[in-house]
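Heads up: the structure comes next, in structure tokens.
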Amino acid sequence: MARKLHMGLIGGGPGSFIGRIHRIAAELDGEAQLVCGAFSSSPERSREAGETYHLPPSRVYASYAQMIEAEKALPAGERMDFAAIVTPNHVHFDPARRCLENGFHVVVDKPMCFSLVEAKELKEIVARTRRLLAVTYTYSGYPMVKQARALVASGRLGAIRKIYVEYPQGWLATDIEQSGQKQASWRTDPARSGAGGAIGDIGTHAAQLAEYVSGLRIVEVDATLQSVVPGRRLDDDAAMLLRFGGGASGVLFATQVATGEENNIRIRVYGEKGGLEWQQADANSLVLRLPDAPVQVLRTGSGYLDPLAAAGARTPPGHPEGYLEAFANLYAAFCKAVRDYERDPGIDVRDYDFPNVDDGLHGMAFVDTVVRSARSDQKWTRFL
């Protein structure tokens, strides 16, 4: 396929920041371009968004169902190749299902679905349709996170013993959802967000980061959830102990009521031979601690990095990269898979460095397990 891949966007209308993030990330490396969209459940707002994206009116749709049917009817070289779904959680499953069943690949924001039941069904649909699905767990796109993963996989740290991961935010420290703030309104609404509040919104990011870096799966949790802000219907604060396959243990906290905090996800991993630390506030640095050597600070763009980490950097050393580039790295891996799929539909998605439907399903199982654990009197709750 010599042309750019054609991207459709579902959601991302007026008031949404994440739609523009997806569009910029997908287009950053010149592999894809936005060609169509159903940007809102309101046809008028969808048209308004289409104008801001400079799309022809004929490719701006009143609903995602209309978009999928209309795009399917276009010639192969004109129609969209994949759709990115950036709607609230309760509008993830149906557009993903329709896209897959009509021959389109899918990129979907996390968490992958509204419920674990939907996630299990979506995995079956991916297997049946043999189309590709990516979930945007953004932080696994950072070059130094990839370097951390490579160090663990190489055995440099030895067998992993302890993992600490945290994700503090402060933007929901007051009841801003009562003022009609759009992002807060749906994230704190169980009818649109699902069973988890902070644990679904940012806790899943923290869990996926811990698993991606360590190469281990969380198998049990001992969790507490609370709604700190009076009247809030979903959790805004979560803390838990973790057990990983292979015997490692850990701690995870995710809170949206840490007043004054911005968005500083952080991970520390300790093995028999050493430890490492990464945080988004200094995303270009990875701290490596070995007992028989000085503390080392590895930096993005340097010649000593693992090939996956090196490939994720777009600027010379000392030139900061961040959130947009991490997003773009996920899209770059996904676009490579789509191009390879066109030549061989039998590709193994596990060969490509982006979170797939299995990761999305595991993320939904994580939310389900944490909620069950928080409601239970027993110490440990296993994944179903």
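All of the numbers you see were taken from the coordinates with simple rules; none came from a lab. What you see is a predicted model, and the numbers here were worked out from it, not measured in a lab. Every residue, glycine among them, receives a Cβ derived from its backbone with ideal geometry; neighbour counts consider all protein chains shown.
With a cap of 13 neighbouring Cβ atoms within 10 Å, and only residues DSSP puts in a loop, list the trypsin sites (Lys or Arg not before Pro) found in region 116-145.
Details: sites: 120, 123, 128, 130, 131; in loops: 130, 131.
Here the trypsin sites (Lys or Arg not before Pro) that fit, given the DSSP loop and packing criteria, are 130.
Annotation for region 345-360 versus region 293-344: alpha-carbon center distance of 17 Å. Going from the residue with the fewest nearby Cβ atoms within 10 Å to the one with the most, 110, 72 rank 72, 110.
Quick one: work out Rg over Rh on the C-alpha atoms of region 1-56, Rh as Kirkwood radius. My calculation puts Rg/Rh at 0.99.
Once a ≥ b ≥ c are taken as the square roots of the eigenvalues of the Cα gyration tensor of region 209-257, is the result rounded (a/c under 1.5), prolate (a/b larger than b/c) or oblate (a/b not larger than b/c)?
Details: a/c = 3.71, a/b = 2.55, b/c = 1.46.
Note, shape of region 209-257 comes out prolate.
Charges on Cβ only, +1 for Lys and Arg, -1 for Asp and Glu, centred on the Cα centroid of region 191-328; of 207, 252, 264, which one is farthest towards the dipole's positive end? The residue sitting most towards the positive pole is 207.
Which aspartates and glutamates have a Cα less than 15 Å from the Cα of residue 4, not counting those fewer than 8 places away in the same chain? In chain and number order, the partners are 27, 29, 31, 78, 81, 340, 342.
The distance between label points at residue 342 and residue 226 comes to 5.4 nm (points 7 Å beyond Cα on the Cα→Cβ vector). Between 0 and 90 degrees, rounded to the nearest ten: what's the tilt of helix 64-73 against the longest Cα principal axis of the chain? Helix 64-73 sits roughly 60 degrees off the main axis of the chain.
How large is the charge dipole for region 220-294, taken about the Cα centre, if only the Cβ atoms of Lys, Arg (+1) and Asp, Glu (-1) carry charge, to the nearest 20 debye? Write down the numbers at each step before the final one.
Working: 7 positive and 11 negative charges, 17 e Å.
It works out to roughly 80 debye.
Region 123-189 and region 23-49 have their alpha-carbon centroids 23 Å apart.
In Å, what Kirkwood hydrodynamic radius results for the chain from the alpha-carbon pair distances?
Details: mean 1/r = 0.0468 Å⁻¹.
Radius from the Kirkwood sum: 21.3 Å.
Determine the alpha carbon to alpha carbon distance for each of 123/273; 110/146; 146/182; 110/182 and list only those over 26 Å. Before the final figure, lay out each step's value.
Values: 123/273 38 Å; 110/146 19 Å; 146/182 33 Å; 110/182 18 Å.
Result: 123/273; 146/182 exceed 26 Å.
Within the same chain, aspartates and glutamates fewer than 8 places from residue 162 are excluded, and of the rest, those with a Cα less than 20 Å from its Cα are 211, 220, 222, 272, 277, 292.
Projecting the Cα atoms of 307, 381, 290 onto the charge dipole of region 274-384, computed from C-beta unit charges around the Cα centre, puts 381 farthest toward the positive end. Once the Cα atoms are used to define both axes, helix 357-375 deviates from the longest principal axis of the chain by about 60 degrees. Any idea what angle helix 43-52 forms with the longest principal axis of the chain, computed on alpha-carbon atoms, 0 to 90 degrees, nearest 10? Long axis of 43-52 versus the principal axis of the chain: about 80 degrees. A simple charge model with +1 on the Cβ of Lys and Arg, -1 on the Cβ of Asp and Glu and nothing else charged puts the dipole of region 259-364 at about 260 debye relative to its Cα centre. About its Cα centre, the dipole of the chain is roughly 460 debye, where the only charges are +1 on Lys and Arg Cβ and -1 on Asp and Glu Cβ.
Between the amide H of residue 188 and any residue lying 5 or more places away or on another chain, no distance stays under 5 Å, with hydrogens modeled in the peptide plane. The GNM of the chain, with springs linking C-alpha atoms under 10 angstrom apart, assigns the highest mean-square fluctuation among 292, 94, 222 to 292.
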